[in-house]
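A short worksheet on the structure shown next.
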Amino acid sequence: MIVDPSVRVAQLADELRAIAATSLYFSKDPHDRARFEQIRIVAAELLAVVDRRDASEIRAIFEDDLTPRTPLAGADAVIFDAEGRLLITDRADGRGWCVPGGLVEVGESPSEAAVREAYEEVGLTVRAVELLAIYDNRKVLPPGRVHVFHHVHRCEVVSGEPVPTHEVRDFGWFRESEIDKLTFFSLHATLVRDAFRGSKQTLFH
C-alpha cells in the first residue's frame, strides 16, 4: 500500500501522541513521566512538519488533552430503495460522494449515530437494522491521518424523502453499474462496492 508521505508523518505523530498521552495518564513515576512528556513534544514537532499550525500551537492542544488516546468511532448509513439502488450523497465541501455518515458522538451508539447522520445530511428518518461492516481506515485506501473505525449499518427508511442540506449539495439513487462515474470521498469507494456485494457476514477490515 502506497501512502502519501505527509499522511504517514501525521499518522506517526498521532501514534506517538497516543503513546505519550496514555502513558502519562497511567504513569506515576516522575522519570517515566518526563520521558513521555518529551515524546509528546516530539509528536507535536513531527506533526508541525505537515500541518498548517506551528509546533507551539499543536503542543498546547496536546498538553490540554489529558485523556488516553484511542481511535475515533465513525458510523455510516447504507440505504437501499425498493429497486435495489443505493442512496449516495455529494458532500457540500466538494470532497466527493459518500453514504450518509460521520463521527459517533459521546452518549450514542454507532447505530444511533448512523440514524442521526441520515437525518442531518438528507432529512430521512431511518432505523438501523443490520451491521454490515467495520472498517479500519488505516487499512483501506486511501488511509487517513486520523485513526477511525467506521461502523457501517444497513438502514431502512421510516419516513421522509431525501433533500439537500448544508452538508450535502446533491444526492442520487444509484445502481452498482452506475457508481464508477462517481469520485468518492475517503474509503467510501470500498464501502459502497462492499454494500452492493451484499455479504451475508459482517466484514472486518
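The values are calculated or read from the model by the stated rules, or taken from the named source; none is laboratory data. Just so it is clear, the model here is predicted, and its values are computed rather than measured. Cβ placement follows ideal geometry from the backbone for every residue including glycine, while neighbour counts extend to all protein chains displayed. Quick note on the areas: whole protein, heavy atoms, side chains included, nothing else; ligands and nucleic acids left out. Shrake-Rupley method; radii C 1.70, N 1.55, O 1.52, S 1.80 Å.
Rounded to the nearest 20 Debye, what is the dipole magnitude of the chain about its Cα centre when Lys and Arg each give +1 and Asp and Glu each give -1 at the C-beta?
My answer is approximately 600 debye.
What is the diffusion coefficient of segment 1-93 in µm²/s, taking the Kirkwood radius over Cα pairs and the Stokes-Einstein relation at 37 °C with a viscosity of 0.692 mPa s?
Values: Rh = 15.8 Å.
The estimated diffusion coefficient comes to 208 µm²/s.
Please work out the C-alpha center-to-center distance from segment 76-133 to segment 167-203 and express it in whole Å.
12 Å
Residue-wise, which Karplus ³J(HN,Hα) couplings in Hz belong to segment 74-87, taking 6.51 cos²θ - 1.76 cosθ + 1.60, θ = phi - 60°, and x for glycine or proline?
So the Karplus estimates, Gly and Pro as x, are x, 9, 10, 10, 9, 10, 9, 8, 5, 9, x, 8, 9, 6 Hz.
With everything on Cα atoms, drop me the angle between helix 5-26 and the longest principal axis of the chain, reported from 0 to 90° to the nearest 10.
60 degrees
Express the carbon and sulfur contribution to the solvent-accessible surface of segment 53-205 as a percent, rounded to the nearest whole number, probe 1.4 angstrom. Don't skip to the end; give the middle numbers.
Working: 4190 of 8090 Å².
Accessible surface attributable to carbon and sulfur in segment 53-205 totals 52 percent.
Mind grabbing the accessible area of S177 for me, 1.4 Å probe, Å², rounded to tens?
Per-residue accessible area (S177): approximately 100 Å².
Pop the C-beta distance of T22 and D54 into the FRET formula with R0 = 30 Å and round what comes out to the nearest 0.05.
Values: r = 25 Å, r/R0 = 0.83.
FRET efficiency, T22 to D54: 0.75.
Less than 12 Å Cβ to Cβ from L187, Lys/Arg counted +1 and Asp/Glu -1: what total charge do the surrounding residues give?
Numbers: positive: R138, K139, R193; negative: D76, D136, D194.
Residues close to L187 contribute a combined charge of 0.
Semi-axes of the equivalent ellipsoid for segment 99-161, please: Cα gyration tensor eigenvalues, times 5, square-rooted, ordered largest first, whole Å.
Working: eigenvalues 100, 27, 25 Å².
Sorted largest first and rounded, they come to 22, 12, 11 Å.
First check a/c for segment 117-195, with a ≥ b ≥ c the square roots of the eigenvalues of its C-alpha gyration tensor; if it is under 1.5, answer rounded, and if not, answer prolate when a/b is larger than b/c or oblate otherwise.
Details: a/c = 1.60, a/b = 1.38, b/c = 1.16.
In terms of gyration-tensor shape, prolate.
Which percent, to the nearest 5, of DSSP beta bridges fully inside the chain are antiparallel? Can you show the working numbers first?
Details: 22 of 33 bridges.
About 65 percent, rounded to the nearest 5.
Which of the following values of Cα extents along the principal axes in Å was calculated from the structure shown: [x] 72, 43, 26; [y] 78, 36, 23; [z] 63, 33, 32?
Entry [z].
Report the charge-dipole magnitude of segment 1-108 in Debye, nearest 20, computed about the Cα centre from +1 at each Lys and Arg Cβ and -1 at each Asp and Glu Cβ.
Working: 13 positive and 20 negative charges, 68 e Å.
My answer is approximately 320 debye.
With every protein chain kept in place and ligands, DNA and RNA left out, what is the accessible area per residue of segment 1-141? Probe 1.4 Å, answer in Å².
Values: 7540 Å² over 141 residues.
Value returned for segment 1-141: 54 Å² of accessible area per residue.
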